[in-house]
Amino acid sequence: MKLQQLRYIWEVAHHDLNVSATAQSLYTSQPGISKQIRLLEDELGVEIFARSGKHLTHVTPAGEAILETAGEVLRKVEGIKQVAQEYSNEKKGTLSIATTHTQARYALPNTIGDFMRRYPDVSLHMHQGTPMQIAEMAADGTVDFAIATEAMEHFSDLVMMPCYRWNRCVLVPRNHPLARATRLTLEQVAEHPIVTYVFGFTGRSRLDEAFVEQGLVPRVVFTAADADVIKTYVRLGLGIGIIAGMAHDDAIDSDLVALDASHLFASSVTRIACRKGTFLRGYMYEFIENFAPHLTKQVVDKAFATHSRAELDALFADIELPVW
C-alpha cells in the first residue's frame, strides 16, 4: 500500500468519481490513477469503487470505511508536514478558510489585510459556499478554518469557538412607509413582502423562529445568499430587506434606511471552527486571535483539549462576546 494510492482514492471520491478531473487536478494521467486504484483494490481484496464498464458508479460499503481511514492518514501526513514547516520556517506556508459571502465581504477584510501584511510568505486561500458546504470542508480537512453562523454544530469532528454576536437590521428605501418608524414591531415587518437570506444562511433560522413564536407568517418573496444581492432587490422595490447589521454601509447604502431589529430577533453567533487534531501553526493562532481577540492561544488550546460539546460550551459560558 502506497501513500500515493490513498491520495488517489481520496481525490477521486471528492471529484464525484471523475477520474479524468482528478487526473487534471493532480497533474497526472488518468490511466495512471486507474491502475493504482486497481492495484490497491487487488492488494486489499475488496472493491473500493463499483463500476459499470470503465466508469466508476459509486463507493462501495468497504470503500466508505477505507476512505474514512485514508482521509485520517492523509490529514496526519499533512500534519507532519506542517510540524516540519513550523520548525523550518514559521512564517511560510498556507492557510485556507471557508466562509460565507457576508463574512468574506464585511467581517474578514481587516483581519485578512493585517495577516497578509504580517505574513507575506503565507498563501491564503478563501473558499465561499453554503454553511453546510463550509462545515464539510473543515470536517474533511479541505480547509483549515470554517467561519460561519449556521450548520457547523452538525459536525462532531469540529472544534467550534465563538467569535462575536451580531444583530439584524431591516432595510427599506428612503420613501418607504417604514422609514419613519421609531421602533419597529414584528407585526409591521410581517405586513410587507420580505427579501432575506436563503434558509440555512447567516442566521436565517433565528428570523424564522421569531415569526413562529409570535404566530405570524412572513411573506418571504425573494431569498439570496448574498447581502449585496438582497440590497439590490430592495432598491428595486421587491420588498423590505432583513440582513445582518454589519452588511449595511452608511456610505455605500445611503439610499436605504437601516432600521434596528435587534429587539425583534435573537442575536446570532459567528464561530470559527477547525477539525479536532489539527496542528495549528503559529500564524494560525495569530489569525484566530486577530479575528476574535478573546481567542488567545491559551483559550484555543483549552478548546482543543475538551472532550465533548458540553465541555466546549462550558469553556465559553462566561466569556462576553463582542457585538458587531
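Restricting the first residue to region 223-234 and requiring it to be without any contact (Cβ under 8 Å) to a residue 60 or more places away in the chain, which pairs with a second residue that is of a type in the set (Ser, Thr, Tyr) and open to solvent by 40 Å² or more (accessible area, probe 1.4 Å) meet a Cβ separation below 6 Å and a spacing of at least six or different chains? Short answer, once both residue conditions are applied: none. Of the residues making up region 86-136, those that are farther than 21 Å from Asp157 by Cβ, open to solvent by 20 Å² or more (accessible area, probe 1.4 Å) and assigned to a loop (DSSP other than H, G, I, E, B) are Asn89, Glu90, Lys91, Lys92, Pro120, Asp121. Looking across region 152-171, the residues that are open to solvent by 10 Å² or more (accessible area, probe 1.4 Å) and modelled with pLDDT under 90 come down to Glu153, His154, Phe155, Ser156, Asp157.
Considering region 218-233, and only residues there that are open to solvent by less than 50 Å² (accessible area, probe 1.4 Å), outside any helix (DSSP H, G or I) and not hydrophobic (A, V, I, L, M, F, W, C), the residue that is nearest to Val189 (Cα to Cα) turns out to be Pro218. All of Leu56, Leu17, Leu3 fail the test of being out of contact with any helix residue (DSSP H, G or I) (no Cβ under 9 Å at 6 or more places or on another chain) and either open to solvent by less than 30 Å² (accessible area, probe 1.4 Å) or closer than 23 Å to Glu72 by Cβ (or both), apart from Leu17. Within region 274-293, being of a type in the set (Gly, Ala, Ser), over 21 Å from Asp157 (Cα atoms) and open to solvent by 20 Å² or more (accessible area, probe 1.4 Å) holds for one residue alone: Gly282. Against the test of being small (Gly, Ala, Ser), open to solvent by less than 30 Å² (accessible area, probe 1.4 Å) and closer than 14 Å to Cys274 by Cβ, the options Ala179, Ala190, Ala148 yield a single qualifying residue, Ala148. Is it the case that some residue within region 26-47 is assigned to a helix (DSSP H, G or I) and either touching a Gly at 6+ places or on another chain (Cβ under 6 Å) or within 23 Å of Val143 (Cα to Cα) (or both)? Yes: one or more hits.
Just one of (1) surrounded by 14 or more Cβ atoms within 10 Å (Cβ to Cβ); (2) out of contact with any strand residue (DSSP E or B) (no Cβ under 6 Å at 6 or more places or on another chain) fails for Lys76. It is (1).
In region 294-319, the qualifying residues are those that are open to solvent by 50 Å² or more (accessible area, probe 1.4 Å) and polar (S, T, N, Q), and the one that is farthest from Met284 (Cα to Cα) is Ser308.
Each residue in region 234-247 was checked for being surrounded by fewer than 16 Cβ atoms within 10 Å (Cβ to Cβ) and either within 23 Å of Ala148 (Cβ to Cβ) or in contact with an Asp or Glu (Cβ under 9 Å, 6 or more places away or on another chain) (or both), and 1 pass. Number of residues in region 38-53 that are touching a helix residue (DSSP H, G or I) at 6+ places or on another chain (Cβ under 9 Å) and either among the aliphatic types (A, V, I, L, M) or surrounded by fewer than 11 Cβ atoms within 10 Å (Cβ to Cβ) (or both) equals 6.
The values are calculated or read from the model by the stated rules, or taken from the named source; none is laboratory data. Small disclaimer: the values here were computed from a predicted structure and weren't measured. Cβ coordinates were reconstructed from backbone atoms using ideal geometry, including for glycine residues, and neighbour counts include every protein chain displayed. The accessibility values were calculated without ligands, DNA or RNA, using every heavy atom of the protein model including side chains. Shrake-Rupley method; radii C 1.70, N 1.55, O 1.52, S 1.80 Å.
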